[in-house]
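All remarks here apply to the structure that follows.
The values are calculated or read from the model by the stated rules, or taken from the named source; none is laboratory data. As the structure is a computational prediction, the values presented were derived from the model and not from experiment. Every residue, glycine among them, receives a Cβ derived from its backbone with ideal geometry; neighbour counts consider all protein chains shown. Accessible surface areas use protein heavy atoms only, side chains included; no ligands, DNA or RNA. Shrake-Rupley method; radii C 1.70, N 1.55, O 1.52, S 1.80 Å.
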Amino acid sequence: MSEIILKTENLRVEYRTREFGQTTKLALKNLNLSVRAGEVYGFLGPNGAGKTTTMNVLLGFVNASAGSASLFGVNVREPIARQRIGYLPEQTYYYKFLTAEEILRFYARIFGLSAEETTRRIDGVLKLVELEAARRRLIKTYSKGMQQRVGLAQALINNPDLLILDEPTSGLDPLGRMKVREIIQRLKNEGKTVFFSSHELGEVETVCDRVAILTEGELKAEGQVNELVRLYQRDNLEQVFLKIIGHEPSHESTVVDRAA
Amino acid sequence: MNPVTNPLLSTALPEAGPVGPVRQAQGGPSHQAHDRSRSRSWNTISAVASVVLKELYRRKDFYVLFVLTALLTLLMGSVSLFSQDAAVRATREICLALIWISSLVIVVTATARQIPTEREQRTLFPLLAKPVSRSEFVLGKFAGCWSSAGLCLLVFYVFFAVIAGAQEHEWPLANYFQLLTLHWFMLGIVCALTLLGSLIFAAPSSNNTITLVVTTGILLMARHLNKVAMKMAEPWQSVVSALYFVLPHLEFYDARDLVIHNFGLVRWGFWALALVYAVVWMALFLTSACWLFRRRAIH
């Protein structure tokens, strides 16, 4: 059995809210997750289900109200827990007054890489994301797809053992999506662990070893895609997902869809 | 596993290497781990500070400095027309007041936007997802802003000293050194106060205004507070007296007369004490800022 490198135990997050008559909103309800080394783990759920909140807790942006979360056995509140991870946010925002090379050098410095190692890794990741030609251009001159690739490059600069990707393909054109998918596949082949959220269920089905489905802050299902498909007696992950979140199309609409 | 066919994927990622304490700290004496952690912290703080400096340079904030320096040149140049002692002193006073005002404005505006802009533009997220603690982030921002204030002052004073020295053939370098260091440490207190303000006030503009008003108020009025208190009845006398002792006395650092009137040097002991006093205030403001920022959720 592989080592568990990402773990949450009874994780609970409450936000203060100013909505009528309600003082707190429960974003996560006793979430238990465990991701093993070398797995590609899909984290699914409708908008507002708590996926980004979970990632925010894992990255130390938000403190849990109760329960615990750890990366590589280290509490996520310790900055050192993030030494071996790479994170790609849903939307990429980087210092626009820097070039791609400068931003990667900056992050490499934070990881304490030597000058020689930094140069080697910058060359490697820029080649991987095909940004070698634009490495000395300011990021503000980049297209959205190029900025997303800078995001991927910075997530890989420390050669992480765990990648946390928040909807990595959102807003990308089909070619961009294909490239991101291929990079995830490549990392999987290298034995890296990838924890990612996505609304592209076809993509999740292709690359994930296991998936978790979250609704209203609660874990509803977890397992291998084929196991879930068999368990819920559906044809594919999308149907399982719709069934779990309670938005399964009615029989009539299915017939209409098929006819269409 | 599916075979990978895309040429993109044939590009080799750099091999895994030791990247830090989690991998390295698998054994060994604890003091070595402590040293590594301390050097990692310095490394992170200096990396964040270097980005602040680069931003200020690339955002062309320092252009304000050059415009003001040009203005200074014109003023100093006009002194030779009068060549009267009173006129020379008046010009020096105006020039130094200009340096004080512009440096204060540059430092407050540059520092006030650091953390709010990081949050607004969400550049904070990829950075804090790295092994960077909130305190290291705040200290890095402070180091960047304070260093840029130092560079700014150095350019101002060197220029001022060269023009003044060329005209009067006097080079009171020790006076300039004391003036520069005291001014720089005063800006350090302002910088730390502004960073703390940026975690309390939502908008950088309100932080700018409040910090500038508070700083100017302290510079102009703090020295008189104890005299004012003596003329008041209780309980106001105690309140104003307490305020006198609680406020950071920025007016201690206004040593412009050293250059305007060529006064004798401040005793080095007092000078050192003033620097220690500034460091204590900076530490107080920065500790509060780190404490506030650590408690804050970022989403």
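Note on region A:58-85: residues that are assigned to a strand (DSSP E or B) and either within 12 Å of B:PRO131 (Cβ to Cβ) or without any contact (Cβ under 8 Å) to a residue 24 or more places away in the chain (or both) total 4.
When you look at A:VAL62, is it facing chain B (nearest Cβ under 9 Å), over 15 Å from B:ARG296 (Cα atoms) and touching a helix residue (DSSP H, G or I) at 6+ places or on another chain (Cβ under 6 Å), yes or no? When the stated conditions are applied, A:VAL62 does not pass them. Of the listed requirements (1) modelled with pLDDT under 90; (2) within 11 Å of chain B (Cβ to nearest Cβ), A:VAL74 misses just one: (1). Screening A:ALA100, A:ALA37 for residues that are in contact (Cβ under 8 Å) with a residue 12 or more places away in the chain and surrounded by fewer than 21 Cβ atoms within 10 Å (Cβ to Cβ) leaves exactly one candidate, A:ALA37.
Taking the condition of being more than 11 Å from chain B (Cβ to nearest Cβ), open to solvent by less than 30 Å² (accessible area, probe 1.4 Å), outside any loop (DSSP other than H, G, I, E, B) and at pLDDT below 85, how many residues in region A:150-184 meet it? Residues that pass the stated criteria total 1.
Being out of contact with any Gly (no Cβ under 8 Å at 6 or more places or on another chain), within 14 Å of chain A (Cβ to nearest Cβ) and not in a loop (DSSP other than H, G, I, E, B) holds for only one residue in B:PHE125, B:PHE160, B:PHE185, B:PHE177, and it is B:PHE125. Within region B:160-179, restricting attention to residues that are surrounded by 20 or more Cβ atoms within 10 Å (Cβ to Cβ) and of a type in the set (A, V, I, L, M, F, W, C), the residue that is modelled with the lowest pLDDT is B:ALA164. The set of residues from region B:220-255 being part of a helix (DSSP H, G or I), surrounded by 12 or more Cβ atoms within 10 Å (Cβ to Cβ) and small (Gly, Ala, Ser) comprises B:ALA222, B:ALA229, B:SER241, B:ALA242.
Give region B:128-157 a look and list any residue that's β-branched (Val, Ile, Thr) and within 14 Å of chain A (Cβ to nearest Cβ), or say none. Within region B:128-157, B:VAL132, B:VAL138 meet the criteria. Determine whether region B:61-68 contains at least one residue that is within 30 Å of A:LEU156 (Cα to Cα), at pLDDT 65 or above and within 14 Å of chain A (Cβ to nearest Cβ). Looking through region B:61-68, none of the residues is within 30 Å of A:LEU156 (Cα to Cα), at pLDDT 65 or above and within 14 Å of chain A (Cβ to nearest Cβ).
For region A:125-149, filtering for residues that are in a helix (DSSP H, G or I), in contact (Cβ under 8 Å) with a residue 24 or more places away in the chain and within 10 Å of chain B (Cβ to nearest Cβ) leaves 3. Please determine, by comparing only the residues of region B:270-299 that are closer than 20 Å to B:PHE125 by Cβ and touching a residue at least 60 places away in the same chain (Cβ under 8 Å), which one is most open to solvent (accessible area, probe 1.4 Å). If we take residues in region B:270-299 being closer than 20 Å to B:PHE125 by Cβ and touching a residue at least 60 places away in the same chain (Cβ under 8 Å), then B:ARG294 is most open to solvent (accessible area, probe 1.4 Å). Only a single criterion out of (1) open to solvent by 20 Å² or more (accessible area, probe 1.4 Å); (2) assigned to a loop (DSSP other than H, G, I, E, B) is not satisfied by B:VAL132, namely (1). Of the residues making up region A:186-224, those that are part of a helix (DSSP H, G or I) and either in contact (Cβ under 8 Å) with a residue 60 or more places away in the chain or over 13 Å from A:LEU44 (Cβ atoms) (or both) number 8.
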